[in-house]
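Data block below; observations after.
The values are calculated or read from the model by the stated rules, or taken from the named source; none is laboratory data. These numbers come from a predicted model, not from an experiment. In this analysis, Cβ positions are derived from the backbone assuming ideal geometry, glycine residues included, and neighbour counts consider all displayed protein chains. To get the accessible areas, we keep the full protein, side chains included, count just its heavy atoms, and leave off ligands, DNA and RNA. Shrake-Rupley method; radii C 1.70, N 1.55, O 1.52, S 1.80 Å.
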Amino acid sequence: MDASLLNADLHCHSDVSDGTLSPQALAARAKANGVELWSLTDHDEVGGQAAARDAARALGLPYLTGCEISVSFLDQTVHVVGLGFDADDAALRDGLAATRAGREQRAREMAASLAQVGIKGAFEGALKYVGNPELISRTHFARFLVETGACRDTHEVFRRYLTEGKPGYVPHRWARLGDAVRWITAAGGVAVIAHPARYRFTPTEEYALFSEFVAHGGRGVEVVTGSHTAAEYATYTGLALEFGLLASRGSDFHDPDESHTDLGALPDLPGQLTPVWAALAERVIRP
């Protein structure tokens, strides 16, 4: 079979970060949806990896270790997915812990900003949705705003709040791009630019991101992902070929009700690309 036709889903989140399902429930959902290679990629955290790996193994589902690291690049937040690394690597774990540091202070500042527009108790409200308090994020605030009736759904939240220029927005300085790529690669994994169409870069800035990423040792890009359109699949197919990058595929699934795309429901990778899993065959944890 053409490797690009594998139903791989290498981007999703559990309740260890800002998803709502446990690693075990995600593994079961992936298996039920026909996923043939799976990875749990929680934000800045590998605490769910053992549970995900064990659940996948019990279900007969091949697994790759994963995480999604928050990076600051040109004053924007960019996400870098790591795949196939040693989840016990000390330097990676230390780097992720440093990246998580500061989330609570940022969250308190977000709550203070929301209070100025009449939304009280947002910090405590968001905490109710946090499985790991170190990883409190905008998504948890969004769920609180829906619960209180301030917005109909989380998509409306991000149109009205928590984004640049709106109430509740507080920037955060994350890891540096080069550091994130090095943590992943030194731990034996492959670094992948996550959902590149989501960033608000000019063409020149985007080219700079890809160029610097490759210079640091980054090797992949998500071409087919839950937030990309068909036209964007084509755009990032072209950039993957131009920069010699491996192509990844992942739903970015967080929750059965919130997520646009379910686990395993994406179209295939374009056939002219080299899938990231082709370079990670020896890192796949098989049942």
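Across the stretch 1-31, what is the total count of residues that are free of Cβ contacts under 8 Å to residues at least 40 places away in the same chain and assigned to a helix (DSSP H, G or I)?
The number of residues fulfilling the criteria is 6.
List pairs: first residue in the stretch 61-73 and at negative phi and open to solvent by 10 Å² or more (accessible area, probe 1.4 Å), second residue part of a strand (DSSP E or B) and not basic (Lys, Arg) anywhere in the structure, Cβ distance under 6 angstrom, at least six positions apart or on different chains.
Pro62/Leu37
Given the conditions (1) at pLDDT 95 or above; (2) over 22 Å from Gly47 (Cα atoms); (3) open to solvent by less than 40 Å² (accessible area, probe 1.4 Å); (4) not acidic (Asp, Glu), and given that Ala215 satisfies all but one, which numbered condition is not satisfied?
Checking Ala215 against (1) at pLDDT 95 or above; (2) over 22 Å from Gly47 (Cα atoms); (3) open to solvent by less than 40 Å² (accessible area, probe 1.4 Å); (4) not acidic (Asp, Glu), the one that fails is (3).
Within the stretch 255-276, is even one residue hydroxyl-bearing (Ser, Thr, Tyr), touching a Gly at 6+ places or on another chain (Cβ under 7 Å) and surrounded by 21 or more Cβ atoms within 10 Å (Cβ to Cβ)?
No, there is no match, as no residue in the stretch 255-276 is hydroxyl-bearing (Ser, Thr, Tyr), touching a Gly at 6+ places or on another chain (Cβ under 7 Å) and surrounded by 21 or more Cβ atoms within 10 Å (Cβ to Cβ).
Yes or no, residue by residue, for (1) touching a Leu at 6+ places or on another chain (Cβ under 8 Å); (2) surrounded by fewer than 16 Cβ atoms within 10 Å (Cβ to Cβ); (3) at positive phi:
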residue: Ala122; (1), (2), (3): yes, no, no
residue: Ile136; (1), (2), (3): yes, no, no
residue: His140; (1), (2), (3): yes, no, no
residue: Arg159; (1), (2), (3): no, yes, no
residue: Pro171; (1), (2), (3): no, yes, no
residue: Ala194; (1), (2), (3): no, no, no
residue: Ser211; (1), (2), (3): no, yes, no
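Those residues that are under 13 Å from Asp262 (Cα atoms) and surrounded by 19 or more Cβ atoms within 10 Å (Cβ to Cβ), I need them from the stretch 22-37; list them, please.
Leu26, Ala27, Arg29, Ala30, Lys31, Val35
Of the conditions (1) open to solvent by 20 Å² or more (accessible area, probe 1.4 Å); (2) of a type outside the set (Ser, Thr, Tyr); (3) in contact with a Leu (Cβ under 7 Å, 6 or more places away or on another chain), Phe85 satisfies every one except a single condition; which number is it?
Result: Phe85 passes all but (1).
Which of the residues belonging to the stretch 105-162 are outside any loop (DSSP other than H, G, I, E, B) and in contact with a Lys or Arg (Cβ under 6 Å, 6 or more places away or on another chain)?
Phe123, Glu134
Given the condition hydroxyl-bearing (Ser, Thr, Tyr) and assigned to a helix (DSSP H, G or I), answer yes or no: does some residue in the stretch 34-52 qualify?
No.
Would it be correct to say that Ala175 is touching a Ser or Thr at 6+ places or on another chain (Cβ under 7 Å), surrounded by 17 or more Cβ atoms within 10 Å (Cβ to Cβ), among the hydrophobic types (A, V, I, L, M, F, W, C) and under 29 Å from Val284 (Cα atoms)?
So Ala175 fits the description; yes.
Report the residue count in the stretch 74-94 for those that are without any contact (Cβ under 8 Å) to a residue 40 or more places away in the chain and either small (Gly, Ala, Ser) or in a strand (DSSP E or B) (or both). Walk me through how you get there before you give the answer.
Initially, the stretch 74-94 is screened for residues without any contact (Cβ under 8 Å) to a residue 40 or more places away in the chain, giving 88, 90, 94.
Filter once more, so that each one left must be either small (Gly, Ala, Ser) or in a strand (DSSP E or B) (or both): 90.
Count: 1.
Quick one: count up the residues across the stretch 151-187 that are of a type outside the set (A, V, I, L, M) and touching an Asp or Glu at 6+ places or on another chain (Cβ under 6 Å).
1
Restricting to the stretch 196-207, name every residue that is out of contact with any Leu (no Cβ under 7 Å at 6 or more places or on another chain) and in contact (Cβ under 8 Å) with a residue 40 or more places away in the chain.
Pro196, Tyr199, Arg200
Of the conditions (1) touching a helix residue (DSSP H, G or I) at 6+ places or on another chain (Cβ under 9 Å); (2) buried (at least 16 other Cβ atoms within 10 Å of the Cβ); (3) over 23 Å from Glu258 (Cα atoms), Pro167 satisfies every one except a single condition; which number is it?
Going through the list (1) touching a helix residue (DSSP H, G or I) at 6+ places or on another chain (Cβ under 9 Å); (2) buried (at least 16 other Cβ atoms within 10 Å of the Cβ); (3) over 23 Å from Glu258 (Cα atoms), Pro167 breaks only (3).
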